[in-house]
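What follows is a set of notes on a single structure, which appears directly below.
The values are calculated or read from the model by the stated rules, or taken from the named source; none is laboratory data. These numbers were taken from a predicted model, which means no experiment stands behind them. Here Cβ is always computed from backbone atoms with ideal geometry, including for glycine, and neighbour counts include all displayed protein chains. Protein only, heavy atoms only, side chains kept; ligands, DNA and RNA dropped before computing areas. Shrake-Rupley method; radii C 1.70, N 1.55, O 1.52, S 1.80 Å.
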Amino acid sequence: MYNLLNVLLMTPQQGGGQGGFGGMGSLLFFGGMILVMWLFMIRPQTKKAKQQKQFIDNLREGDKIVTIAGIHGKVKKINENNTLQIEVSPGTFFTIERSAVSMEYTNAVAKAAETK
């Protein structure tokens, strides 16, 4: 039990032998941990942010959207100051920031409309 604990904690065993991974092995282990974090956490976030920006940049008048607050509407006008005028019901217009458009909800609504 004591030897297993030493191996898990990567500490050298008493008695002159060197246990654990050693200096170079520890660097490889931490490098591998950083690589795994990058692959599973950082890279997907940057990819998703890039897709969100591309989606917002490609909005056109007439597109049906959903805001991050859950408001459904249709883009009526794209203003110069990065705002959109959306129609939420006939004759009712909101002005929102482009960044308030939710890509996930809008895509989900579009897929639901296609299946009907």
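Among residues of segment 88-116 that are under 13 Å from Ile71 (Cα atoms) and part of a loop (DSSP other than H, G, I, E, B), those with a beta-carbon under 9 Å from a residue that is of a type in the set (A, V, I, L, M) and open to solvent by less than 90 Å² (accessible area, probe 1.4 Å) at least six positions away or on a different chain give the pairs Ser102/Ile65; Ser102/Val66; Ser102/Ala69. The residues listed here are Gly23, Gly70, Gly17; of these, the one that is at pLDDT below 90 and open to solvent by less than 50 Å² (accessible area, probe 1.4 Å) is Gly17.
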